[in-house]
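Visitor: First the structure, then my questions, so here it is.
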Amino acid sequence: MKPPKNNKYQLFLYLISALTGAHGAGNSSNINREQPILLHDRPHDQYMPAANIIRIMRRGLPPHAKIADEAKDTVQHCVSEFINFITSEANDRCHREQRKTVTAEDLLWAMARLGFEDYIEPLTLFLNRYREMESGRTSMHGEPFVKCTVDLGLPPGPTNYGLQAWPAGQAHGVFDAHGAMMMNGMNNYYRDNHGGGSSSSGQAAALPGFDPYVQFKRSL
Amino acid sequence: MRQAGAYSGIASGGISGRTGPHSLPLARIKKIMKNSSDDVKMISGDAPIVFSKACELFIEQLTKRSWAVALQAKRRTLHKDDITSAVMATDVFDFLLNLVSDSTGTKDDGHQAIGK
């Protein structure tokens, strides 16, 4: 607690805090910085919500682990920086190729180029399943869990990042888009507009209980 | 038997419970993407989908590496310094160097004597 009457004392405190770098917990909008203004100075909607980030962090940690607040902030900033980093690279590619739309494939390309090759395979799987579900939703007309066995003999395409067909199993569970949904195969890569568009929310889900846009309805 | 967990990819639990496949809000992702540079004009519908998963992978990777640093120091609390150390020790996180060294506000030339 600072004695209000003593200016020298306050100056002393300021100097101490400047020397130790203790500018306040989580307060990173700063002072002696030669680098350009970074994400710390941006409003909160430039970050992913902390609750989501913390939940994901906890998945990789043992139950007893604790996370300091400033660590949460830092990860939050890092995520936005990651998005910026990848998007810029993807956007540059679009410009070079004179395209206006940054696509999912551009992002995957950028990630591979920037050292995140390990992400490509799980992302490709994820994206394909998402697309299958989208196309299944628009073309199945309410029969999402048709049991069928589909053998996809898909050749690897030049930009399929090594996609492989996997044998379909029985459809069970909300998220199994497996055999039942493989209507359009895997070459949806370049499709920007699926039926209904991916940006719309609240579509009548063909899969009961499944709503990919549930986060819009969730209050965090 | 099914192969990889449906939709969630193989690298992580992916879907948090049954609340939906995306743990991160797509609209927010799109907003951040648009602000990454002035000339990002249009973003395809499934680009944020990719990021919703990519950011999960990123967070998991960063967290695990940071936790390894904390463990080495025999701590159970993850600190910002652990994240800084992990960033410095991982090549693919080089783009974060300015961000983490800036916010620690210690040395001014980016050289941190933090790596353990």
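Visitor: Going by the structure shown, is A:Leu127 within 24 Å of B:Ile83 (Cβ to Cβ) and touching a helix residue (DSSP H, G or I) at 6+ places or on another chain (Cβ under 7 Å)?
Guide: No: the conditions fail for A:Leu127.
Visitor: Pick from the stretch A:98-124 the residues that are of a type in the set (Asp, Glu) and surrounded by 14 or more Cβ atoms within 10 Å (Cβ to Cβ): which of them is nearest to B:Phe95 (Cα to Cα)?
Guide: That would be A:Asp118.
Visitor: Moving on. Looking at (1) modelled with pLDDT of 50 or more; (2) surrounded by 15 or more Cβ atoms within 10 Å (Cβ to Cβ), find the lone condition where A:Leu163 falls short.
Guide: (1)
Visitor: While we're looking at this one, here's another question. Could you tell me which residue of the stretch B:28-38 is nearest to A:Asp92 (Cα to Cα), considering only residues that are surrounded by fewer than 19 Cβ atoms within 10 Å (Cβ to Cβ) and at the interface with chain A (Cβ under 7 Å from one of its Cβ atoms)?
Guide: Only one residue fits best here, namely B:Ser37.
Visitor: Could I ask something else about it? So if I check each of B:Leu24, B:Leu62, which one is within 7 Å of another protein chain (Cβ to nearest Cβ) and modelled with pLDDT under 95?
Guide: B:Leu24
Visitor: Here's another thing I want to ask about it. Report whether or not B:Val50 is facing chain A (nearest Cβ under 7 Å), modelled with pLDDT of 85 or more and either buried (at least 22 other Cβ atoms within 10 Å of the Cβ) or in contact with a helix residue (DSSP H, G or I) (Cβ under 7 Å, 6 or more places away or on another chain) (or both).
Guide: Yes.
Visitor: Restricting attention to the stretch B:42-57, report how many residues are outside any loop (DSSP other than H, G, I, E, B) and closer than 18 Å to A:Glu134 by Cβ.
Guide: Residues meeting the conditions: 8.
Visitor: With (1) over 23 Å from B:Ala73 (Cα atoms); (2) of a type outside the set (Val, Ile, Thr); (3) touching a strand residue (DSSP E or B) at 6+ places or on another chain (Cβ under 6 Å) as the list, and A:Arg96 as the residue in question, which single condition is left unmet?
Guide: The number of the failed condition is (3).
Visitor: Also, I was wondering about something else. Does A:Ser88 meet the test of being facing chain B (nearest Cβ under 8 Å) and at pLDDT 65 or above?
Guide: yes
Visitor: While we're looking at this one, here's another question. Could you go through the stretch A:61-76 and let me know if any residue there is more than 7 Å from every other protein chain (Cβ to nearest Cβ), touching a helix residue (DSSP H, G or I) at 6+ places or on another chain (Cβ under 8 Å) and polar (S, T, N, Q).
Guide: yes
Visitor: Okay, moving on. Considering (1) more than 7 Å from every other protein chain (Cβ to nearest Cβ); (2) touching a Ser or Thr at 6+ places or on another chain (Cβ under 9 Å); (3) at pLDDT 95 or above, say which one B:Arg75 fails and leave the rest.
Guide: (2)
The values are calculated or read from the model by the stated rules, or taken from the named source; none is laboratory data. Since we're looking at a predicted model, the values are computed, not measured. Please note: Cβ atoms are built from the backbone with ideal geometry, for glycine as well, and neighbour counts cover all protein chains shown.
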